[in-house]
Amino acid sequence: MESCFRSGHSARPWLITRFGESRTANLIRKVESHYWWQGKIESAAEVLVIFKTTKGKLKALEKLIVAKHPYDTPEFLVVPIIAGNKRYLDWLSQSVRARNAQGPSPKDKRITNQQ
């Protein structure tokens with residue numbers, strides 16, 4: 001799953017990883033985006049964020065990103081995994097399950113309320 005945030009915006013992908021919707025996020029800085037928006041061509045310096053999660057957490061991840069994202073229409077794309085290192089894929093799956101069993105900590109709830 002991937003999404004873009006304007007460069008300089010506090011994307012806070014760590015917030016999403018803390019809640020278990022994703023257990024890892026990659027930030028790719030200095031992405032230059034060009035797109036049509038409200039009848040004109042726009043350009044923006046953005047940060048591409050790639051979240052890795054399980055199929056079962058996609059809806060929760062999308063809901064959280066749409067709620068916290070500064071864009072009116074945030075990019076939310078799902079890229080299927082065709083193949084991957086078994087140990088890594090097992091770690092990702094186990095990590096998401098383990099965090100879901102724990103639930104957010106009181107500190108996590110406090111951070112969310114500040115967003």
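The values are calculated or read from the model by the stated rules, or taken from the named source; none is laboratory data. Everything quoted here is computed from the prediction, not taken from an experiment. Cβ atoms come from the backbone with ideal geometry, glycine included; neighbour counts cover every protein chain shown.
Tabulated results
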{"quantity": "Residues satisfying the stated conditions in the range 60-82, i.e. out of contact with any helix residue (DSSP H, G or I) (no Cβ under 9 Å at 6 or more places or on another chain) and assigned to a helix (DSSP H, G or I)", "calculated": "Ala60, Glu62, Lys63, Val66, Ala67"}
{"quantity": "Positions within the range 103-115 being surrounded by 10 or more Cβ atoms within 10 Å (Cβ to Cβ) and either at pLDDT 60 or above or not in a loop (DSSP other than H, G, I, E, B) (or both), in sequence order", "calculated": "Asp108, Lys109, Arg110, Ile111, Thr112"}
{"quantity": "Residue check for Asp90: surrounded by 10 or more Cβ atoms within 10 Å (Cβ to Cβ), assigned to a helix (DSSP H, G or I) and at pLDDT 90 or above", "calculated": "yes"}
{"quantity": "Residue that is modelled with the highest pLDDT [pool: residues in the range 9-59 that are among the aliphatic types (A, V, I, L, M) and outside any strand (DSSP E or B)]", "calculated": "Leu58"}
